[in-house]
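Throughout, read-outs are computed from the coordinates displayed, never taken from laboratory work. Predicted, not measured: the structure shown is a model, and the values here were computed from it. Cβ: placed from backbone, ideal geometry, glycine included. Neighbour counts: every protein chain shown.
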Amino acid sequence: MEFILIIIALALIFDYINGFHDAANSIATIVSTKVLTPFQAVLWAAMFNFVAFLIFKDHAVANTIGKTVNKEFITLPVIFAGLVAAIIWNLLTWWYGIPSSSSHTLIGGFAGAAVANAFMQHGGYMPIKDIIDSAKVLKTLSFILLAPLIGMLISMFYTLVMMNRNTWIKSGILALTSILIWFTFIYFQENKIDENVEKFFKVDKYTKDVSDPTKLADKAKNEEKLSKAKANAEASFVFVKDYESEGASFVSDEIAANIDLKDVTTSRIEDKIKLFFKVEQLKIIAKKDPKQKLASDYATAAVDSLKPIAKMHKDLGYDKMVEAMIAKVPIQPDKMADFDKEVRVDIKNDLSKEIEKADNKIIRYGLIGMLVLIVLSFIYTEKIREPSAQRTGNNFKKLQLLSSAAFSIGHGGNDAQKVMGIIAAALIANGNIVDIKAMPDWVPLACYTAISLGTLSGGWKIVKTMGTKITKVTPLEGVCAETAGATTLFLTEQMGIPVSTTHTITGSIIGVGATKRLSAVRWGVTINLLWAWILTIPISALLAALTFYIIHFFIK
């Protein structure tokens, strides 16, 4: 079996383990308040883990994970070692009932193995900042504390509001919160569209090329490409503002009509030609087996000879361009149809898809809709019906179904993307795709399926810690904690930050406990959890480095 298939299988196994390890995050409060039985709870959470597949299209978290390590140090053995370390740490913490972060163990494992690989390549120590993307790692590290803190503050806010005895005051505050959510997510949507448009014009790629010391000979050419890409992206921002009212197709038509897309189309055709001739794969194979260097050199020469023809796509049209390419580089008759299909680019459709990926309407409407339903339930139970403690309690039990569903969607969307990023990095390292944007459709589907099945298996040891040991949770507090956790996960996903769902819901549970009184929180348990959080990344990194050094002697 090819090594890449083993790595993909291992990644999906980790995703499955992540699901049952983190099942407690989604079901702990709903089980502890006896709204659902344990089996009903995992079924409920697993279903909404998979619903996230239909909601999250931008995969910003996957992009962050996949680009944590600089490309030149990402190899299949590095990814393999990182996954092995992550699985070991996840199973250990699950066995001892410690709700550690699956996200951070994956990041730690990936980074640790990459550092070991870089040291081995370099023959000794080299600066860590040259191996990993410091900005992405520091952002992730900062949210070890920020995610639970944000979750805690939001849960305290929701608890104080919902405990207010005046129906109209709390309803009014929740209505204002809905307005704030609307504008916050609109802001994130606009920023994301701008980022996606910049990536579409390859601003990020050309920026790296300009600063790459190995490409100094082409620096002037790359600076020119970067300048033009930035200008095209900035000119597109004017039309992007119409997305909310007019839609992606309208915006892409306007950009195509007013901005020259010839260069970006040429670049995409070149990328497709590289994939067809398996240039990157052959380079990797040639490094391991010098006998394959001739095939690698032929593929590279073939692509280089076709680049001038690709630049003429606008003048020739696709049919004549393909004919000219086949005439230039002989292609086997049974492969001609595949070549014809693979090199065609529908640039407006591609641009429209990139813009649509940033859409967060479902998240926006979902959060606001949940708050509106909470307001309506208050009005019904406290104003239309005769208010009573039993009716209020039953009302929150019903609302907890909504809040736990929202958190499960956030959990699925956040955690499945992390494994998607690892699989994408493996496919890039193996030469199957050129970048994470070209990730095949089966990757998200497989990842969301794996994490859903894992959640369905349940992680009962951690449920006890999350549901009862931190603080005793009532249905009202369960709604507040899960709504706060879901809001935090949706916000961080929009920012592309891979946060821990474990940290987030723990902070939210602490928040509802602290709102009652500080002594309601078992701070000794909380401090133990904090130590587990702090140690997760360094221990995973050391495990991965050790694993990499061991397998290096068996896998070249």
In sequence order, what are the phi-derived ³J(HN,Hα) couplings for segment 312-323 according to the Karplus relation 6.51 cos²θ - 1.76 cosθ + 1.60 with θ = phi - 60°, rounded to whole Hz, with x for glycine and proline? 9, 4, 6, 7, 7, x, 5, 4, 5, 4, 5, 4
Using only helices, what value at 222 nm comes out for the chain when you add -39,500 (n - 2.57) per DSSP H run of length 4 or more and divide by the total residues, to the nearest 500 deg cm²/dmol? -26000 deg cm²/dmol
Between the Cα axis of helix 279-288 and the main Cα principal axis of the chain, the angle (0 to 90°, nearest 10) is 90 degrees
Can you tell me which of 418-431, 68-81 comes out highest on packing, and rank the rest after it, using the mean Cβ neighbours within 10 Å? 418-431, 68-81
Whole-Hz ³J(HN,Hα) for each residue in segment 58-71, computed from phi via Karplus 6.51 cos²θ - 1.76 cosθ + 1.60 with θ = phi - 60°, x for glycine and proline: what do you get? 7, 6, 5, 5, 4, 5, 5, 4, x, 10, 4, 9, 4, 3
Degrees separating the helix 361-379 axis from the principal Cα axis of the chain, which is the longest one: 10 degrees
Can you compute the modelled spin-label distance between LEU401 and PHE237, with each label point 7 Å from Cα toward Cβ, in nm? 4.6 nm
Can you list residues whose amide H is under 5 Å from ILE132's amide H, if they're 5+ apart or on another chain and H is modeled 1.01 Å from N? ASN70
Between the Cα axis of helix 333-343 and the main Cα principal axis of the chain, the angle (0 to 90°, nearest 10) is 50 degrees
Just want the ordering: SER211, SER452, from fewest to most Cβ atoms lying within 10 Å of their own Cβ. SER211, SER452
Could you compute the net charge surrounding ALA337? Neighbours are other residues with a C-beta less than 15 Å from the C-beta of ALA337; K and R count +1, D and E count -1. -2
Restricting things to Cα coordinates, could you compute the convex hull volume per residue of the chain in Å³? 158 Å³
For segment 199-353, taking Cα atoms only, what is the radius of gyration to one decimal and the Dmax to the nearest whole Å? 17.7, 58
Past the 21 Å Cα-Cα mark, which pairs from LYS199/LYS221; LYS34/LYS418; LYS192/LYS221; LYS136/LYS208; LYS262/LYS357; LYS71/LYS192? LYS34/LYS418; LYS192/LYS221; LYS262/LYS357; LYS71/LYS192
Which of the peptides 258-269, 4-15 is most tightly packed, and how do the rest follow, judged by the mean count of other Cβ atoms within 10 Å per residue? 4-15, 258-269
HN-Hα couplings for segment 141-150 via Karplus (6.51, -1.76, 1.60; θ = phi - 60°), in whole Hz with x for Gly/Pro, come out as 4, 5, 7, 4, 9, 5, 4, x, 5, 4
